[in-house]
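Written below as C-alpha cells is the structure these notes are about.
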Amino acid sequence: MSEGIRNLIMGFALVIFSVSLFQSIYDFKPLIYPGISYLYNWVGTEIAPNMVTVVVFDWRGYDTLGEALILVTAVIAVLLVFGRGKVQMGGK
Amino acid sequence: MNLLIPLMVIVPIICALFLNLLHKKDRTIKAIAIILALTLPLLPILASYGIHYFGGYAPLAQNPTLSTGLPSLITGTVLNTFHPAITYAFQDAQKLFIFILGLVAFLAILVSLFETKRPSGVYGFMMFMGVASVIALLLTDDIFNFYVFFEIMALATVGIVLVSGVKGNYETALKYMILGSITSPLLLLGIALLLGVTGNVNITDIIASLKIGVVDPKNPVLLMACGLIVFGWLYGSGLPPFHTIKSAIYSKALPHGAALLQAFSVFTLIALGIIILRIFSYLPFSQMIILGVSLLAMILGITMALLQTDLKRMIGFLAVGELGYIGIGLGLGTAYGITAGLFQAINEVVITAFLFIGFGVIYYQTGESDIRKLGGMMVKTPLVALLVLLAGFAMAGVPPLNAFQSKLMLIQASIQAGLPELGVIMILLSIVTFMTFMKAFHAVYMRPKPADLEIKNEKIPRATILSLIVFLVVCLIFGLFPQLATGFLQAISSNLAGGMP
Amino acid sequence: MIIDTQLASLLTAGALIVIGIFAAVFLDNLIKKVIGLAFIGDGANLFLIAMGYKPGGIVYIYLPGMARDFFAQNAAYPLPFALVLTSIVIGASTMAVMLGIIMVLYKKRGSLKASEILGE
Amino acid sequence: MNLYDLIVKRIKEAQKADSDGLVTNVSTSSMLTAEITLISSLLVALIMLRLVSNVLMIVAVLVVLFAAILAMPLMPRLKRELNDSLFNMTFYVVLALAIVIVLFYWGSLNV
C-alpha cells in the first residue's frame, strides 16, 4: 500500500472515531451523576476544610502514592536515558 | 493479618527506592535485592484473604461512626453502599497470581544479579517498581488506581528496555512510549466516562449500580467507555495491533528483563480482562471481540515467530501468540473456559520466563542472538540444552508438563461452548509453536559451530541453573497436580461466568 | 441545540483529543508529535475537570461559619479534581522521559524526522 | 513443475525483493509452513461464521480460499507489512481504534 492510500485510510478512521466521540460526549452531558462526590462533600467537612485534600490524602492515598512514585520513576528513567546505571552482560 | 495486603505492594517499592540510593555499592545491592526479592513470593502465602480499605474507611453501611448525622439523601440511597476509599481485594485467585509473579520476579532478579558485570541499582529499581505496580494491578478494586499503576508499569517497562544497551533500544522505547501516549489517555477517557455515568470508580460499585438499575446499562456512553477500555486492554497486554511493538520490546531487553516483562503483560491482560468481563459481560460484542482479537494474536504471533532470525524476537512473538490462548479462555465466557484461560496464563508466565532465561544463557555466553550466527552450543552446555528442550516441550504442551493440562482444558472448554473450530486451531498452532521452537533449538544447539563464533564467558552462574531447575519443578508440579492451581481459580471464574442477568 | 459552559468544555476536550491524535499520527517532526501527544493527555484531563463542574456552585473549601448542609449541597464535586491532579503528574512524567530519549537520539542521528529515526 | 516447486519459486522471488537476499533451506521451509498455517487457520476460523448463517460461511470460505491462492506468497508481504517502522505501527493502531469503536458503539447501538 502506498503512503497516500494509508494516509487516506487513517484520516477516514480518525474521522469516524471523532464523530462517535463527539456524539457520545453530547449524550454524556445530561447523564453526569456526581455519586460519591456528594458523600465526600458531606463527610469531608468533618476531616479537613479542603475537599480535594481530603480526597487525595484521606480516601485515595494509594493514588497519591502512585503519583509520587511515577515522579521518582520518571526522574530515574531520565537519568538512565543520559547514561546512569547501564548494565552489561558478563560474569565477574 | 490484613496489614500484609498493602505490604505486598509496599515492600517492592521500598526495595526499589533502597536499591536506587545504594547505586554503585555492589555487595550491599546484591544482599538487599536477594533478601527482599525472597519476600515477594512469601508475602502472598502468609497473607490471609480479605478486603483492605485505605485508611480503614469501609462503606457507610458498615461504618456507623462515619454515617452519624448524615441526611437520608445519602444513607437512604445507593451511596450508602458505595466504597469511599480505595479498596484492595485479596482473594484466592490473587494469591496464586501474586505468588507466581513473585516467584518469576525473584528468579529474574536473582539471575540478573549474577549475569551482569556489576549489579546496577537502577536496573533493580525498575524491576522492583514494575513488580510492585503489577501486584497493585492485580489487587486493586478501583479502576482509576488501576490506571495510575498501569502507567507506572509502562514507565518501568521503558526503564528495563533503556537499561539494556542492546542496539536500537532507544528507538524501540520511544516507539512504545508514543503508541502508549496515544492509547493511555483514551483508557483514561473511558474511565472518566464510567465515572461520570455511575458516579464512582470502584468496580464493585459500578457493577452494583448497573445491576440495580441506577444506570441504564444500554446507554451509548457506556458502549463508548467499553470500546475505549478494550482498546487500552489491547495496548497493555500486547494483543494485535500492538503485537509488533510488544515483541520488539521483549527483544530489546536483556533476557532476565524480558522474562519479567512478559509476566507484566500477561498479568495486565488478566487483570484488565477480568475487569472488562466483570463490568461489560452483558454487551454481546465484548466476548466476541475478545475471541476475535485472541484468535488474531495466536495466528499472527506464531506465524510471524517462524519468520524471525533474532532469537529473542522469536520468543517474543511466541509469547504474544500464547497470549491468544488466555484470551480465548476468557472470551469463551463459561466457568470452565475462564478457569482454563487463567490456568494457561499462569503456565505461560512460567514457561516463557523459563525459555527467555534458558536461551538467555546463549546471549550471556556469546553476546549474540542472531540464529544465523549461532551453533554448536550443545557441547558447551549440555545441561542447559536439556532444560531448554524441556521448556520447549512444556510450551508445546507435551503430557507430563503444565501447558498440556491447560491446553487440554481449553480445548475441552471450546468444545463444550460449541466452538470446536477453536480447538482445531489451538492444536494446529501448538504444533507450529513446537516447530518454531525446534527450529531455534536446532540452529543454536545441534548445528555445527560456526568458525567465527567466539565464546566470551565460559562459566554459567549457578544462580541461572538453579532458577531454570525451579521453573522446571513448577512446570512439573502444575502438570502432575493441576488441581493445585485450578482450585484457586474456581471461585473467580464461576463469579465471572455468571455475568449480568 | 443549547451549549452551556460544561458542554462546551466537554466538547473542547473531545476536540483536543482528536486534534492531538491527528498531530501525533500525521506530523513527522518528533517534537511536534510529542506536542500532539500532550494534547491528547490534556484533552482527557480537561474532560475530567469539566465533569466536576456544578452550575452555580461554590468552591469545594469549607469556610468557617458555613452551614454543613449548605456547603454539601452547593460545593463543586471534588473527586474528578483529585483524579486530575494525579493524571497531570503522570502525563508530565511520561513527557519528560520521551523528550529525554528524543534529545539523545537527536545527538546521535542529527535529525528529528520520525520517518528517518523510527523507520525500519 | 509441481505445485511445491511453484510455491517455493514464488517465495524465493518475493524474498529476493526483500532486503537481505539470503535464501536458505530453513528460511524457505519456515516461510512455507507459516504460509500454510496462516491460510488453514484462517479458513478454520471462518467456519465459525456458521453461527451467523450457513450460506455466508460457505461463501466466505470460498472467497478467502480463492483470494489466498491467487495472492499466494502472503507471508513475505505480511512480514513487510508488520515491520517495525512507527508509521506502520500507528497506521494499524488507528485502524484498530476505529474498528473497535465502530463495533462497540455503532454495532451495539443498532442491534
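Read-outs throughout are calculated quantities, based only on the coordinates presented, and are distinct from any laboratory measurement. The shown structure was predicted, so the numbers you read here are calculated from the model rather than taken from an experiment. When we count neighbours, we look across all protein chains shown, and the Cβ atoms used for this are built from the backbone with ideal geometry, even at glycine.
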Neighbourhood net charge (15 Å Cβ-Cβ; Lys/Arg +1, Asp/Glu -1) for B:L296: -2
Debye-sum result for region B:283-501 in log10 I(q)/I(0), which assumes one identical scatterer on each alpha carbon, at q = 0.07, 0.12, 0.14, 0.15 Å⁻¹: -0.23, -0.64, -0.83, -0.92
Residue mean of other protein chain beta carbons inside 10 Å, B:131-138: 1
D:A68 paired with B:K167, simple spin-label distance in nm, labels 7 Å along Cα-to-beta-carbon: 3.7 nm
Over chain B: Kirkwood hydrodynamic radius from C-alpha pairwise inverse distances, Å: 23.1 Å
Taking N as its residue count, the alpha carbon Rg of the protein assembly as shown over 2.2 N^0.38 Å: 0.93
Rg and Dmax of chain A, Cα atoms only, in Å: 23.8, 66
Partner aspartates and glutamates for B:K407 [C-alpha distance under 14 Å; skip if fewer than 8 residues away on the same chain]: B:E322, B:E348
Computed magnitude of the charge dipole of the protein assembly as shown (debye, nearest 20; Cβ of K, R +1, Cβ of D, E -1): 2040 debye
Rough spin-label spacing in nm, given labels placed 7 Å along Cα→Cβ, for C:Q73 and B:I431: 7.4 nm
Net charge of Cβ neighbours under 15 Å - reference B:V432; Lys, Arg +1; Asp, Glu -1: 0
Average other protein chain Cβ within 10 Å of Cβ, residues B:82-94: 2
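I'd like the per residue volume of the convex hull spanned by the Cα atoms of region B:63-124, given in cubic angstrom.
Measuring per residue, one finds 145 Å³ for the Cα hull of region B:63-124.
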Size of charge dipole - chain B - debye, nearest 20, with Cβ of Lys, Arg +1 and Asp, Glu -1, no other charges: 1200 debye
Angle in degrees between helix B:420-441 and the longest Cα principal axis of chain B, rounded to the nearest 10: 30 degrees
Alpha-carbon gyration tensor eigenvalues x 5, square-rooted, for region C:5-117, Å: 40, 16, 7
Reach of B:K456 by Cα under 23 Å, taken over lysines that are not fewer than 8 positions away in the same chain: A:K86, A:K92, B:K117, B:K167, B:K252, B:K312, B:K373, B:K380
DSSP H segments from chain A that extend 27 Å or more along their own axis, Cα-based, with Kyte-Doolittle mean of -1.0 or above: A:3-28, A:61-81
Label-point gap, in nm, between B:S72 and C:I19 - each point 7 angstrom along Cα→Cβ: 5.0 nm
Per-pair calculated FRET efficiency, R0 = 60 Å: B:K24 and A:N50 via Cβ, rounded to 0.05: 0.90
Computed over region B:1-42, Kirkwood Rh from alpha-carbon pairs, angstrom: 10.8 Å
Radius 14 Å from Cβ of B:N169, net charge of other residues (Lys, Arg +1; Asp, Glu -1): +4
Which of B:S494, B:S184, D:S41 has the fewest Cβ neighbours within 10 Å, and the rest in rising order: B:S494, D:S41, B:S184
Largest to smallest principal axis extent of the C-alpha atoms in region B:1-141, angstrom: 66, 29, 20
Which of B:R372, B:R313, D:R77 has the fewest Cβ neighbours within 10 Å, and the rest in rising order: D:R77, B:R372, B:R313
Degrees, to the nearest 10: B:169-198 long Cα axis against longest axis of chain B: 20 degrees
Nearest 10 degrees, 0 to 90: helix C:78-109 Cα axis against chain C principal axis: 10 degrees
Footprinting exposure proxy for C:L112, B:L318, B:L36 (fewest neighbouring C-beta atoms within 10 Å first): C:L112, B:L36, B:L318
Calculated [θ] (222 nm, deg cm²/dmol) that DSSP helices of n ≥ 4 give over the protein assembly as shown, each run adding -39,500 (n - 2.57): -24000 deg cm²/dmol
Cα centre as origin, Lys/Arg/Asp/Glu Cβ charges: region C:5-117 dipole, Debye: 380 debye
